[in-house]
Amino acid sequence: MRNHKAWTQCYAPLLAIAVAGCAGINAPRGSVPMAQVAAQDPFGGWAAVWTDKSYRPTFEGELIAVGPDSVFVLSGDTLVARPMSGVRRVRVVGYNPKAADLMNWTLVGTLSTASHGLIAFLSAPVWLLVGSITTSSAAYASELNAPGHNHSWDDLRAYSRFPQGIPVGIDRANLRGRVPQQPDRH
């Protein structure tokens, strides 16, 4: 019992910090496909657009296109166009890497080290470190920030609905976004 108490006092706060710090994706639930089907998905990634130095994005939605001088985002049912000169940064989430599942495995693995006795003082930090790094890496791998971080405006095109630009003659007022999937009820 004494070892369990020491484990709890030592690693429970670290576990709480690690789990709280684990990254999730920066997109609403259902707004991006799972990684396995992202290449065949007809919709664009989830874009957050900053036009100033604010912490919060100016607007968010599906990335429709990146033109030669403008960025087009479907925010709700409204197509918002901003000249690149007025955009400070765009973050696009291309797919859902299921980082929450990795975070849960990290939690379960770390908690399982309570049964390791004295070795838990070694195995618990390993679970926390490796699990946190893996979860964070998976979440950030699904994102692209441009311009900057070695990415250009052109790099965003791959995550847009229309990578070659908005087709001529398309009715921009009738563009609609992804319809969120309803969970199966059995």
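The values are calculated or read from the model by the stated rules, or taken from the named source; none is laboratory data. The shown structure was predicted, so the numbers you read here are calculated from the model rather than taken from an experiment. Neighbour counts run over all protein chains shown; Cβ positions are idealised from the backbone, glycine included. Ligands, DNA and RNA are excluded from the accessible area calculation, which covers all protein heavy atoms including side chains. Shrake-Rupley method; radii C 1.70, N 1.55, O 1.52, S 1.80 Å.
What about Leu144, is it in contact with an Asp or Glu (Cβ under 8 Å, 6 or more places away or on another chain) and modelled with pLDDT under 80?
Numbers: in contact with an Asp or Glu (Cβ under 8 Å, 6 or more places away or on another chain): yes; modelled with pLDDT under 80: yes.
Taking the combined requirement at face value, the residue satisfies it.
So, in region 158-169, of the ones that are under 16 Å from Val32 (Cα atoms) and either open to solvent by 30 Å² or more (accessible area, probe 1.4 Å) or among the charged types (D, E, K, R) (or both), which residue ends up farthest from the chain's Cα centre (by Cα)?
Phe162
When you scan region 47-75, how many residues do you find that are open to solvent by 60 Å² or more (accessible area, probe 1.4 Å) and farther than 15 Å from Gly148 by Cβ? So that I can check it myself, show each step before the final result.
Start the filter on region 47-75 by keeping residues that are open to solvent by 60 Å² or more (accessible area, probe 1.4 Å), which leaves 52-53, 55-56, 58, 60, 68-69.
Then drop every residue that is not farther than 15 Å from Gly148 by Cβ, which leaves 52, 55-56, 58, 60, 68-69.
Matching residues across region 47-75 total 7.
For Arg82, state whether it is closer than 27 Å to Tyr140 by Cβ, open to solvent by 80 Å² or more (accessible area, probe 1.4 Å), in contact with a Phe, Trp or Tyr (Cβ under 6 Å, 6 or more places away or on another chain) and at pLDDT 80 or above.
No; evaluated as a whole, the condition is false for this residue.
Can you tell me which condition Ala173 does not meet? The list is (1) modelled with pLDDT under 80; (2) at negative phi; (3) in a helix (DSSP H, G or I), and all the others hold.
Only one criterion is unmet by Ala173, namely (1).
Looking only at region 126-152, count how many residues are of a type in the set (A, V, I, L, M, F, W, C) and buried (at least 17 other Cβ atoms within 10 Å of the Cβ).
Within region 126-152, residues that are of a type in the set (A, V, I, L, M, F, W, C) and buried (at least 17 other Cβ atoms within 10 Å of the Cβ) number 6.
So which residues in region 85-100 are open to solvent by 70 Å² or more (accessible area, probe 1.4 Å) and at pLDDT below 75, if there are any at all?
Within region 85-100, Lys98 is the sole residue that qualifies.
So which residues in region 28-46 are of a type in the set (Val, Ile, Thr) and either surrounded by fewer than 15 Cβ atoms within 10 Å (Cβ to Cβ) or touching a Leu at 6+ places or on another chain (Cβ under 6 Å) (or both)?
Correct list: Val37 only.
Going residue by residue through region 7-15, is there one that turns out to be modelled with pLDDT of 60 or more, of a type in the set (A, V, I, L, M, F, W, C) and either outside any strand (DSSP E or B) or touching a Ser or Thr at 6+ places or on another chain (Cβ under 8 Å) (or both)?
Of all residues in region 7-15, those modelled with pLDDT of 60 or more come to none.
Checked against the condition, which is being modelled with pLDDT of 60 or more, of a type in the set (A, V, I, L, M, F, W, C) and either outside any strand (DSSP E or B) or touching a Ser or Thr at 6+ places or on another chain (Cβ under 8 Å) (or both), region 7-15 yields no hits at all.
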